[in-house]
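The values are calculated or read from the model by the stated rules, or taken from the named source; none is laboratory data. The structure presented is a predicted model; accordingly, all values stated were derived computationally and were not measured. Positions of Cβ are generated from backbone atoms using ideal geometry, with glycine treated the same way; all protein chains shown enter the neighbour counts.
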Amino acid sequence: MQLLTKRLLAALTLGLAIAPVALPAVAQELPAAKIAVIDVSRVERESVAWQSLRKQFEDLLAGYQQELRDRQGALETEGRDLEQQRSILSTEAFQEKKRAFDQKVAELQRTAQERKQAMDRAYASARGQIREALRDVVLEIARERELNLILSNSPQERTVVMAHDDLSISDEALDRLNQKIDSVALPDIAAGN
């Protein structure tokens, strides 16, 4: 134990002795910080492409919800009709019709789940296109301004407590993003169903 303590003290002493010599050399090699901040969430939310995507998604969702409501209504009617036939059908005939009905209900539930997953994938894919375009715009701004550090100033992912407005590239990024990409097509998910 004493040998370990002596070695640890020796290493610590050596590290402290070297640190004043090594640190200035490293500090001299680092470039001066050129910093900007961006509210990625705001830029995405206010971009023309994002608004287009949101509208497409809401329209698609409304159509699917109506279709599912219609199919569910038809199944509810079929279920009531089946229940009324219970007294006039044999037990075996009723059970067979009940199994067929239950399969239709399960199929509707499966279809609804598959559509939700397909819509989530399509939405993520389209959103990825917007994020990729925004990334390109931010890198372009960084090169032009010779920035070497860009921090997120979005409320959801805040890494910056305070930044002067002059450091923000959000408005410029939004303008350029709108010029670069004004819409994205929500991938066709009907083919998967």
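State all residues of region 166-186 that are farther than 18 Å from Glu46 by Cα and of a type in the set (D, E, K, R); if no residue qualifies, say none.
Asp166
So which residues in region 37-92 are under 26 Å from Gln103 (Cα atoms) and not in a helix (DSSP H, G or I)?
Passing the criteria: Arg86, Ser87, Ile88, Leu89, Ser90.
If you go through region 159-168 one residue at a time, do you hit one that is within 23 Å of the chain's Cα centre (by Cα), closer than 30 Å to Gln65 by Cα, in a loop (DSSP other than H, G, I, E, B) and not acidic (Asp, Glu)?
No, the conditions are met nowhere in region 159-168.
What is the one condition in (1) assigned to a loop (DSSP other than H, G, I, E, B); (2) at pLDDT 85 or above; (3) under 20 Å from the mean Cα position of the chain (by Cα) that Pro187 does not satisfy?
(2)
Kindly provide the set of residues from region 59-74 that are of a type in the set (A, V, I, L, M) and surrounded by 15 or more Cβ atoms within 10 Å (Cβ to Cβ), ordered by number. Before you say what the answer is, go through the steps one by one.
Of the residues in region 59-74, the ones of a type in the set (A, V, I, L, M) are 60-62, 68, 74.
Leu60, Leu68, listed by residue number.
Could you tell me how many of the residues in region 164-179 are surrounded by fewer than 19 Cβ atoms within 10 Å (Cβ to Cβ), touching a residue at least 60 places away in the same chain (Cβ under 8 Å) and not hydroxyl-bearing (Ser, Thr, Tyr)?
Looking only at that region, the number is 2.
Quick one: is Ile130 closer than 21 Å to Gln51 by Cβ, modelled with pLDDT under 90 and among the β-branched types (Val, Ile, Thr)?
The answer is no for Ile130.
Hey, could you check region 125-168 for residues that are of a type in the set (Val, Ile, Thr) and out of contact with any Phe, Trp or Tyr (no Cβ under 9 Å at 6 or more places or on another chain) and say which is farthest from Gln56 (Cα to Cα)?
Val161
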